[in-house]
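J.: Just dropping this structure here.
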Amino acid sequence: MKINISDIENNEKNFSDINFSEIIEEFNKETPVKAKLRAELIGDIIKITGEISAYVNLVCDKCLKEFTKEINFSVEETYNRYSLEESYSQEFELKSNNFSVDLNGENEIDITDFVYQSVILHIPNKLVCDINCKGDEIINKYIKKEISDPRLEIFKNIKIEKDN
């Protein structure tokens, strides 16, 4: 799904509400990714804000079983219609409002790609199917349970006396 920037320009309110609902096979082949977004034109900047909801098929890091996780999050992204590269010929300090995507004069924004990238960035680093997951027995026997450094053994026998 793509939105045309000129459609937003021609709208007297300078914004467009987008209801996105597509199946993205990399996440889940049965349930569509849903998003309620607003694309707002502010001068030469297009600001996209909204909510995204997706069911993502993942593999547990502990037991290696497949599971599905629901992910809900808010998004806020800015796009510049024209490249800002020429505006900043010298080094400058980046601030929070300097992070945006240059469209380099293009007249469309690919919402499917925007939603895909947003979901990818919100998948947790540690994937666990259940809070009580003990892991797979075969995998657990290869994982070292206690990590000990022989150089630190001396500290196990230290007794500390408190002064009263």
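The values are calculated or read from the model by the stated rules, or taken from the named source; none is laboratory data. Quick caveat: nothing in here was measured; it's all calculated off a predicted structure. When we count neighbours, we look across all protein chains shown, and the Cβ atoms used for this are built from the backbone with ideal geometry, even at glycine.
J.: Which residue out of Glu51, Glu66, Glu70, Glu26 is acidic (Asp, Glu) and at pLDDT below 90?
T.: Values: Glu51 fails: at pLDDT below 90; Glu66 fails: at pLDDT below 90; Glu70 fails: at pLDDT below 90.
Going through Glu51, Glu66, Glu70, Glu26 in turn, just one is acidic (Asp, Glu) and at pLDDT below 90: Glu26.
J.: Out of the residues in region 1-26 that are in contact (Cβ under 8 Å) with a residue 60 or more places away in the chain and touching a Phe, Trp or Tyr at 6+ places or on another chain (Cβ under 7 Å), which is farthest from Glu77 (Cα to Cα)?
T.: Residues of region 1-26 that are in contact (Cβ under 8 Å) with a residue 60 or more places away in the chain, as a first pass: 1-6, 18, 20, 22, 24, 26.
Filter again for touching a Phe, Trp or Tyr at 6+ places or on another chain (Cβ under 7 Å), leaving 1, 24.
Details: Met1: 17, Ile24: 20 Å.
That would be Ile24.
Residues are listed down the side, and each one gets a yes or a no for (1) at pLDDT below 70; (2) touching a helix residue (DSSP H, G or I) at 6+ places or on another chain (Cβ under 9 Å); (3) closer than 30 Å to Glu26 by Cβ:
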site: Phe92; (1), (2), (3): yes, yes, no
site: Glu106; (1), (2), (3): no, yes, yes
site: Leu127; (1), (2), (3): no, no, yes
site: Asp136; (1), (2), (3): no, no, yes
site: Ile139; (1), (2), (3): yes, no, yes
site: Lys162; (1), (2), (3): no, no, no
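J.: Still on this model: Looking at (1) touching a strand residue (DSSP E or B) at 6+ places or on another chain (Cβ under 7 Å); (2) under 18 Å from Lys126 (Cβ atoms), which is the only condition Phe15 fails?
T.: (2)
J.: So Phe114 ticks every box in (1) modelled with pLDDT of 65 or more; (2) of a type in the set (Phe, Trp, Tyr); (3) part of a loop (DSSP other than H, G, I, E, B) but one. Which box is left unticked?
T.: The one condition Phe114 does not meet is (3).
J.: Another question about this same structure. If you take the residues of region 73-90 that are in a strand (DSSP E or B) and of a type in the set (Asp, Glu), which of them is modelled with the highest pLDDT?
T.: Of everything passing the filter in region 73-90, Glu76 is modelled with the highest pLDDT.
Residues checked against (1) part of a strand (DSSP E or B); (2) over 16 Å from the mean Cα position of the chain (by Cα); (3) loosely packed, with under 15 Cβ neighbours inside 10 Å; (4) polar (S, T, N, Q):
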{"residue": "Ser6", "(1), (2), (3), (4)": "no, yes, yes, yes"}
{"residue": "Phe20", "(1), (2), (3), (4)": "yes, yes, no, no"}
{"residue": "Glu25", "(1), (2), (3), (4)": "no, yes, yes, no"}
{"residue": "Lys47", "(1), (2), (3), (4)": "yes, yes, no, no"}
{"residue": "Gly50", "(1), (2), (3), (4)": "yes, no, no, no"}
{"residue": "Ser53", "(1), (2), (3), (4)": "yes, no, no, yes"}
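J.: A further question on this structure: Let me spell it out: the conditions are (1) within 17 Å of Ser118 (Cα to Cα); (2) among the aliphatic types (A, V, I, L, M); (3) not in a strand (DSSP E or B), and Ala39 meets all of them except one. Which number is the exception?
T.: (3)
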